[in-house]
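Student: One structure follows; several queries about it will come next.
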Amino acid sequence: SRGSRRYNVPLCSRSSRPHRRPLVFTYRSAGATAEKPKSGFAAAFELHSDLQQHGRRRQIPDVRVVRSFASLLRHSPLVQMGPAKDKVVVGKIFHIVQDDLYIDFGAKFHCVCKRPAVDGDRYQRGVRVRLRLLDVELTARFLGSNTDTTLLEADAVLLGLMDSREATPKEKERDQ
Amino acid sequence: MAAGAFLKALSGLNCPRLLPVLASRLSNRGYVNGQLYSTAAVAQTMTSSDSLSGNNKVLTEPLKHPDFFHLSELFSLKDLFEARVHLGHKKGCRHRLMEPYLFGCRLEQDIIDLDQTMELLQQALNFTAHVAYRGGVILFVSRRRQFCHLVECTAQDCGEYAHTRYWRGGLLTNAPIQYGPGVRLPDLIIFLSTLNNVFQQHVAIRDAAKMNIPTVGVVDSNCNPSLVTFPIPGNDDSPSSVELYCKLFKMTINRAKDKRKQMNLLYGVKGSSS
């Protein structure tokens, strides 16, 4: 009963049942310093609730913690993808000019692909497609210039429509 | 003699309105009671200009706070990151003067340091807000055809001006001839992209510096930030980042103008909003 009053959880709870707890876990620090070390069921319960908290904390996105730029960058899909050569990504068509499809896949630039002969009419604005990337930005240094000339475009090969079948390619399109 | 010294001391202060009033009063009196009269004249002009002090309160109150318009709540690091503001061009396109603003280079693509961008964006938005608060004319300039409609709509929504077409030679430097005498030049120019269509620096940056017009500009890793008064290092090529900038500038300017109306009502100054 002492355990239940402190932790607000019924004594008969098991590990398999999900606990409904608020995100603020301040009661633990208040209790730990004032009491003698727990034994028996109380110790086991405390250990178990620790594991539960750690597991749950990873599942729930913690909106209160401000992540640093370095951490955001390191875990971003663009960096996790690595070199762009021959990576399969998902893009979305945002503009169409007759047979040219302008596809945005989450990088700095979009890519422009020709409408394929197969299922050509299904490629409309807002459709998600699969691409094989070749380069994130098309640049080249020409003779006589100090800096590279950039085409302000990425380079990719259109593989086909995004169907709900097989191994998901690296999802780079962020849902906003 | 005392009056002359007093006037000289006053001219050191920046109150042009008081000087002619005091000069006329002091010249009417004699020099016998010069000092007494001068102090009495000051006391009278200070208390009689109530409308003047109200006007000054409206103008000086925002300058006492570092973030009077609470612009830091408009954006966060996560918003900038999700709008892809940190992505720069390839290493070969890099401008040497942008190197202090870069976080690093990953697989030949420059990454812009968003911590610096946050501070510089805050300063730029704060300056824009103060200019809009004081009724300044703001001009949006961008030569990216992909975003020219967006920039023009943004300018229209906040009641300011935009120039997203070919920039003729003397628009700022030769304005009285090209537009007519007595034309008012912009008080702030905001560049959503500092390059023109052939990847050279936009002429308006140099011309604004010549005409003493402050500039706020989004500088990508291939731009020259040196002449821009408030550079904002960031991506200027992705639609998501340009939409974010336009949204922030629009909200800033509208907030500043609303605040001005509110302050005018608060301090009871009528008909002074421009």
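The values are calculated or read from the model by the stated rules, or taken from the named source; none is laboratory data. Note that the structure is a prediction, hence the values are computed from the model and not measured. In this analysis, Cβ positions are derived from the backbone assuming ideal geometry, glycine residues included, and neighbour counts consider all displayed protein chains.
Student: So which of B:R134, B:R145, B:R84, B:R94 is surrounded by fewer than 18 Cβ atoms within 10 Å (Cβ to Cβ) and closer than 24 Å to B:P225 by Cα?
Tutor: Details: B:R134 fails: closer than 24 Å to B:P225 by Cα; B:R84 fails: surrounded by fewer than 18 Cβ atoms within 10 Å (Cβ to Cβ); B:R94 fails: surrounded by fewer than 18 Cβ atoms within 10 Å (Cβ to Cβ).
Sole residue among the options that is surrounded by fewer than 18 Cβ atoms within 10 Å (Cβ to Cβ) and closer than 24 Å to B:P225 by Cα: B:R145.
Student: All but one of (1) more than 9 Å from chain B (Cβ to nearest Cβ); (2) surrounded by fewer than 18 Cβ atoms within 10 Å (Cβ to Cβ); (3) without any contact (Cβ under 8 Å) to a residue 60 or more places away in the chain hold for A:T149; state the number of the condition that does not hold.
Tutor: (1)
Student: When you look at B:F75, is it under 30 Å from B:Y133 (Cβ atoms), assigned to a loop (DSSP other than H, G, I, E, B) and not charged (D, E, K, R), yes or no?
Tutor: Working: under 30 Å from B:Y133 (Cβ atoms): yes; assigned to a loop (DSSP other than H, G, I, E, B): yes; not charged (D, E, K, R): yes.
It is true that B:F75 is under 30 Å from B:Y133 (Cβ atoms), assigned to a loop (DSSP other than H, G, I, E, B) and not charged (D, E, K, R).
Student: Now a separate question. Which condition does A:F69 not pass, out of (1) within 12 Å of chain B (Cβ to nearest Cβ); (2) at pLDDT below 80; (3) in contact with a Phe, Trp or Tyr (Cβ under 8 Å, 6 or more places away or on another chain), if it passes all the others?
Tutor: If we test A:F69 against (1) within 12 Å of chain B (Cβ to nearest Cβ); (2) at pLDDT below 80; (3) in contact with a Phe, Trp or Tyr (Cβ under 8 Å, 6 or more places away or on another chain), just (2) comes out false.
Student: Before we move on, is B:H130 in contact with a Pro (Cβ under 7 Å, 6 or more places away or on another chain) and either more than 9 Å from chain A (Cβ to nearest Cβ) or part of a helix (DSSP H, G or I) (or both)? Don't jump to the end; show me each part of the working.
Tutor: Values: in contact with a Pro (Cβ under 7 Å, 6 or more places away or on another chain): yes; either more than 9 Å from chain A (Cβ to nearest Cβ) or part of a helix (DSSP H, G or I) (or both): yes.
For B:H130, the condition - in contact with a Pro (Cβ under 7 Å, 6 or more places away or on another chain) and either more than 9 Å from chain A (Cβ to nearest Cβ) or part of a helix (DSSP H, G or I) (or both) - is met.
Student: For the structure I just gave you, tell me whether B:I138 is more than 14 Å from chain A (Cβ to nearest Cβ), closer than 25 Å to A:L151 by Cβ and touching a strand residue (DSSP E or B) at 6+ places or on another chain (Cβ under 9 Å). Spell out how you get there, then give the answer.
Tutor: Numbers: more than 14 Å from chain A (Cβ to nearest Cβ): yes; closer than 25 Å to A:L151 by Cβ: no; touching a strand residue (DSSP E or B) at 6+ places or on another chain (Cβ under 9 Å): yes.
Answer is no for this residue.
Student: Same structure, new question: Based on what the data block shows, is B:L59 touching a Pro at 6+ places or on another chain (Cβ under 9 Å) and either surrounded by fewer than 21 Cβ atoms within 10 Å (Cβ to Cβ) or within 14 Å of chain A (Cβ to nearest Cβ) (or both)?
Tutor: Working: touching a Pro at 6+ places or on another chain (Cβ under 9 Å): no; either surrounded by fewer than 21 Cβ atoms within 10 Å (Cβ to Cβ) or within 14 Å of chain A (Cβ to nearest Cβ) (or both): yes.
For B:L59, the condition - touching a Pro at 6+ places or on another chain (Cβ under 9 Å) and either surrounded by fewer than 21 Cβ atoms within 10 Å (Cβ to Cβ) or within 14 Å of chain A (Cβ to nearest Cβ) (or both) - is not met.
Student: From the residues in the stretch B:79-117 that are at the interface with another protein chain (Cβ under 7 Å from one of its Cβ atoms), in a helix (DSSP H, G or I) and out of contact with any helix residue (DSSP H, G or I) (no Cβ under 7 Å at 6 or more places or on another chain), which one is farthest from A:P83 (Cα to Cα)?
Tutor: Ranking the qualifying residues of the stretch B:79-117, first place goes to B:E82.
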